[in-house]
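The values are calculated or read from the model by the stated rules, or taken from the named source; none is laboratory data. Computed from a prediction, not measured in an experiment: that's the story for all the values here. Don't worry about glycine lacking a Cβ; one is built from the backbone with ideal geometry, like all the others, and counts go over all protein chains shown.
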Amino acid sequence: MADCQLIGIDTKIARAKQQVCELQAAIRAWVDTTPYEIIEYSEVETKTRVFAIKIRNDLPSGFAGMVGDVLNNLRTSLDYLVWELTDGKGGDRLYFPVAYKAKSVKAMIDGVKHLTPNDAVHLLEATEAYKGGNGHGLWQLHELNRLEKHRSLMPVCAAIGKVAIDIASPMKALWWLVPL
């Protein structure tokens, strides 16, 4: 392997970091508009105290594109790494081996073994970039990026529909400690 210059990899990662900062700033700006309202009331029949969150403003549609840009830059940096590890000998069909199953990742690595020094092959094998492997996070990145390329991601705001906390039940389990 010639001197691995990591051409473009640093640029892609730096851009992804910048995009994350831009996304965080956009999220903060959206949150500062107080896009939600907390409503507190007691239910008449059960006397249960309820806290509800009413969403006033949807997430801006641009958030999905921003997330997609981050995913694409991070995933592309992995492909650039394989290009560097093989000195570009594999042409335009080189990509970082990520798959659903370990067997598929192994087949992908086997396909570039003849182009790659042994230490680089061991590096690729050690990542275990498949669902449930040590590189599960790389698999998640790959899947999100793949999905984003073929359909728009839908960032969502999450809220819990209903929470009921019954303090009496857990206390009954500790009857020997706390007299009821």
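Computed values, structure above
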| read-out | value |
| --- | --- |
| Among (1) modelled with pLDDT of 90 or more; (2) within 26 Å of Gly132 (Cβ to Cβ); (3) out of contact with any Asp or Glu (no Cβ under 6 Å at 6 or more places or on another chain); (4) surrounded by 13 or more Cβ atoms within 10 Å (Cβ to Cβ) - the single one Asp110 does not satisfy | (4) |
| Residue match in segment 67-76 (condition: more than 30 Å from Asn118 (Cα to Cα) and in contact with a Pro (Cβ under 7 Å, 6 or more places away or on another chain)) | yes |
| Near pairs, Cβ below 8 angstrom, 6+ apart or cross-chain, from segment 14-43 (within 14 Å of Gly62 (Cβ to Cβ)) to any residue that is among the small types (Gly, Ala, Ser) and surrounded by fewer than 13 Cβ atoms within 10 Å (Cβ to Cβ) | Ala26/Gly62 |
| Search result, residues across segment 1-35 that are at pLDDT 85 or above and not in a helix (DSSP H, G or I) | Thr33, Thr34, Pro35 |
| Test: Ala25 is within 28 Å of Ala99 (Cα to Cα), of a type outside the set (S, T, N, Q) and within 19 Å of the chain's Cα centre (by Cα) | no |
| Residue that is farthest from Leu23 (Cα to Cα) [pool: residues in segment 52-66 that are assigned to a strand (DSSP E or B) and touching a residue at least 24 places away in the same chain (Cβ under 8 Å)] | Ile53 |
| From Gly132, Gly137, residue being within 24 Å of the chain's Cα centre (by Cα), of a type in the set (Gly, Ala, Ser), under 25 Å from Asp10 (Cα atoms) and modelled with pLDDT of 90 or more | Gly137 |
| Single condition Ala126 does not satisfy, out of (1) in contact (Cβ under 8 Å) with a residue 24 or more places away in the chain; (2) part of a helix (DSSP H, G or I); (3) surrounded by fewer than 17 Cβ atoms within 10 Å (Cβ to Cβ) | (1) |
| Scan of segment 45-104 for residues that are within 30 Å of Asp32 (Cβ to Cβ), modelled with pLDDT under 85 and touching a helix residue (DSSP H, G or I) at 6+ places or on another chain (Cβ under 9 Å), ordered by number | Asn57, Leu59 |
